[in-house]
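**Student:** Okay, handing you the structure first.
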Amino acid sequence: MNPKREGFVEDTKQEAEIIEPRGKTRAMPPPEIEPSPAEQPQLMEDEWPIVVKLIYRPIRNNRGEDIKEVSLREPRAGDINRYGNPIRVNQDGDVLIDERKMTYMIAALSGVLPPFIEEMDTRDWNSCAYRLRRFFLPDPAAW
C-alpha cells in the first residue's frame, strides 16, 4: 500500500450524481437583447439654455461680476454665418475643434465678451466646447 501524498487526487473514479427535478419544469425566459445604439431613441435631449459650471476658476461677466457658471443658448445658423463653424471633420473622420471660432461661439451663446471667455481655465473652456461640439456636426440621418 502506497502512502497518500498530500495534494494529490486518488485514482478512483467517482461518477457525479445527477439530480432530476421533480414535478413540472419551468421554461427559461428568452434572453433580453438590448437594441443597438442606432436603434435607441435619442436619450439626451438638451434643455436650453445649457448651463456649464465653471469648476476651476470663475470668470467675470460684462458687468464685472464673478460668475461660476455659463448659460449657453441654442446655436442658430446665423451664429455659424457670423463666427464660422467651430467644428470640422477631417478626411480620417476625426472631429476637430477650431479654438478661435469656438471661443467666439461660446461668447456669442453665453452673452459674455470674448476677452472674459479667454480668461477661463482651460478645463472649463473644454467643458463648454465639448458640450457644444455635437450641435455643429451634421446628422447622418439626414444623408
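The values are calculated or read from the model by the stated rules, or taken from the named source; none is laboratory data. Fair warning: this is a prediction, and the values are worked out from it, not measured in the lab. Reconstructed Cβ throughout: ideal geometry from the backbone, glycine too, with neighbour counts over all protein chains shown. We work out accessible area using only protein heavy atoms, side chains counted, and drop any ligands, DNA or RNA first. Shrake-Rupley method; radii C 1.70, N 1.55, O 1.52, S 1.80 Å.
**Student:** If a residue has to be under 23 Å from the mean Cα position of the chain (by Cα) and surrounded by fewer than 14 Cβ atoms within 10 Å (Cβ to Cβ) to count, how many in the stretch 70-87 make the cut? Write out each step before concluding.
**Tutor:** Within the stretch 70-87, the first condition is being under 23 Å from the mean Cα position of the chain (by Cα), and the residues that meet it are 70-76, 85-87.
Filter again for surrounded by fewer than 14 Cβ atoms within 10 Å (Cβ to Cβ), leaving 73-74, 76.
Total meeting the criteria: 3.
**Student:** For the stretch 107-119, which positions are out of contact with any Leu (no Cβ under 7 Å at 6 or more places or on another chain) and among the hydrophobic types (A, V, I, L, M, F, W, C)? Walk me through it before giving the result.
**Tutor:** Narrowing the stretch 107-119 to residues out of contact with any Leu (no Cβ under 7 Å at 6 or more places or on another chain): 108, 111-119.
Residues satisfying the conditions are ALA108, VAL112, LEU113, PHE116, ILE117.
**Student:** Please specify each residue of the stretch 88-99 satisfying the condition of being open to solvent by less than 70 Å² (accessible area, probe 1.4 Å) and charged (D, E, K, R). So that I can check it myself, show each step before the final result.
**Tutor:** Restricting attention to the stretch 88-99, the residues satisfying the condition of being open to solvent by less than 70 Å² (accessible area, probe 1.4 Å) are 90, 93, 95, 97-98.
Matches in the stretch 88-99: ASP98 only.
**Student:** Do you know which residues across the stretch 57-69 are without any contact (Cβ under 8 Å) to a residue 60 or more places away in the chain and either open to solvent by 30 Å² or more (accessible area, probe 1.4 Å) or in contact with an Asp or Glu (Cβ under 9 Å, 6 or more places away or on another chain) (or both)?
**Tutor:** In the first step, residues of the stretch 57-69 are kept if they are without any contact (Cβ under 8 Å) to a residue 60 or more places away in the chain; the result is 58, 60-69.
Passing the criteria: PRO58, ARG60, ASN62, ARG63, GLY64, GLU65, ASP66, ILE67, LYS68, GLU69.
**Student:** Tally time: how many residues in the stretch 100-135 are crowded, with 21+ Cβ neighbours inside 10 Å and aromatic (Phe, Trp, Tyr)?
**Tutor:** 1
**Student:** Which residue out of ALA141, ALA129 is part of a helix (DSSP H, G or I), of a type in the set (Gly, Ala, Ser) and touching a helix residue (DSSP H, G or I) at 6+ places or on another chain (Cβ under 6 Å)? Spell out the reasoning first.
**Tutor:** On the way: ALA141 fails: touching a helix residue (DSSP H, G or I) at 6+ places or on another chain (Cβ under 6 Å).
The conditions single out ALA129.
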